[in-house]
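The values are calculated or read from the model by the stated rules, or taken from the named source; none is laboratory data. This is a predicted model, so every value here is computed, not measured. Backbone-built Cβ (ideal geometry, glycine too); neighbour counts: all protein chains shown.
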Amino acid sequence: MKTASLFPLLRLLCLSLTFFCSFMTHAERIRDLTTVQGVRSNSLIGYGLVVGLDGTGDQTMQTPFTTQSLSNMLSQLGITVPSGTNMQLKNVAAVMVTAELPAFSRPGDKIDVVVSSMGNAKSLRGGTLLMTPLKGVDNQIYALAQGNLLVTGAGAQGGGSRVQVNQLNGARISGGATVEREIATSFASDSVLRLQLNDEDFSVAQQISDEINRRFGALTAVAEDARVIRLYAPQDSAARVRFLATVQDIPVKPGAGDARIIINSRTGSVVMNRHVMLDACAVAQGDLTVEVSRTNQVSQPDTPLAGGQTVVAPNTQVSVRSEGGSLQRVNTSADLNSVVRALNRLGATPNDLMSILQSMKSAGCLHARLETD
């Protein structure tokens, strides 16, 4: 084969590799778009006591439950406290303990816990959490927590010239709870698994179903609705795990999705997930005016006999101005990004920006989902 004849093949190979790399770059895995229904963590909560504080505990006159809790704990250890005893417990604090029990946790596993003061303790620094049962929503004990607290919130900068003190009434214990009971799950017994989309979308659900069927055969996956995809998995537990691991790594290239605008009313920030275009409209808010106009621009050839074609192209102009005309910005595209930038340059307040966007949405010239935080 001649060398010159290799160039078309090499060019075709390069184009194929470029397209494949571009697809893989923009593709997302199914695991990034979905979760397995029923496979989730569970919240645990418990009430306990922290001891060993350096005089920064609860003031017992204002928090009688701390004294009562300590008396009950001592009675369980065989120590009787005479009634009417005024215990000065400056080194003890009543706390709430919370944790997240991961899915498929087994007895003996370690999980992190968060300890938060519920009285008037000044600080939990240097304290030790006594054995605290952690219960689930069914009031059953699933873990036991105990250990030394780690409080991160105080520090000095610049040789001690600047001291920064944060919240000292909250602490963590890494691996501070031991799982005592596992939560029953139907993952290994059900013949049908369900993938749940993070955001409901009919097109993405159907695309994921098609990709799974293309890999494993027809009717392996069925999109039930815009949120749930039903999977027919193998009965064997090991094969089921391998099947689900392969499914989660399948690349999917979802579309752009719904246009969405999120406005933070406190900070005035605007977040858009894609370029949002505007239709013709005019909005006046205070001394600000936003005008969007659409006209048709006709392009004709110079001579009628030249064989050219007359082209009619839409032309959009956006103008944002203040009442005094001190600043004016004119754009040739109806892109909301440029409108927001122009409003910021004019000194528009967050309330002005929200009012203008809501008015555009109500008038029907803003085709996007508008959300306010």
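Rundown of residues vs (1) in contact with a strand residue (DSSP E or B) (Cβ under 8 Å, 6 or more places away or on another chain); (2) at pLDDT below 75; (3) β-branched (Val, Ile, Thr); (4) surrounded by 15 or more Cβ atoms within 10 Å (Cβ to Cβ), yes/no style:
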| residue | (1), (2), (3), (4) |
| --- | --- |
| Leu305 | no, yes, no, no |
| Val339 | yes, no, yes, yes |
| Leu343 | yes, no, no, yes |
| Asn351 | no, no, no, no |
| Ser362 | no, no, no, no |
| Cys365 | yes, no, no, yes |
| Thr372 | yes, no, yes, no |
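Report whether or not Ala221 is hydrophobic (A, V, I, L, M, F, W, C) and closer than 30 Å to Ser362 by Cβ. I'd like the intermediate steps shown before the answer.
Details: hydrophobic (A, V, I, L, M, F, W, C): yes; closer than 30 Å to Ser362 by Cβ: no.
So Ala221 does not fit the description; no.
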For this session: Kindly indicate whether Ser69 is among the hydroxyl-bearing types (Ser, Thr, Tyr), out of contact with any Cys (no Cβ under 8 Å at 6 or more places or on another chain) and closer than 26 Å to Ser123 by Cβ.
Result: yes
Exercise. Can you tell me how many residues in region 141-173 are modelled with pLDDT under 90 and not in a strand (DSSP E or B)?
Worked result: 11
For this session: Please verify whether region 79-91 includes one or more residues that are assigned to a strand (DSSP E or B), in contact with a strand residue (DSSP E or B) (Cβ under 7 Å, 6 or more places away or on another chain) and touching a residue at least 12 places away in the same chain (Cβ under 8 Å).
Result: no
Exercise. Got at least one residue in region 68-88 being closer than 29 Å to Leu193 by Cβ and either surrounded by 19 or more Cβ atoms within 10 Å (Cβ to Cβ) or under 29 Å from the mean Cα position of the chain (by Cα) (or both)?
Worked result: no
Exercise. Across region 201-223, what is the number of residues that are in a helix (DSSP H, G or I), touching a residue at least 24 places away in the same chain (Cβ under 8 Å) and surrounded by 14 or more Cβ atoms within 10 Å (Cβ to Cβ)?
Worked result: 7
Exercise. Can you pull out the residues in region 187-200 that are surrounded by 12 or more Cβ atoms within 10 Å (Cβ to Cβ) and among the polar types (S, T, N, Q)?
Worked result: Gln196
Seminar exercise, completed: Residues of region 36-77 being part of a strand (DSSP E or B) and either under 21 Å from Ala99 (Cα atoms) or at pLDDT below 90 (or both), in sequence order, are Asn42, Ser43, Leu44, Ile45, Gly46, Tyr47, Gly48, Leu49, Val50, Val51
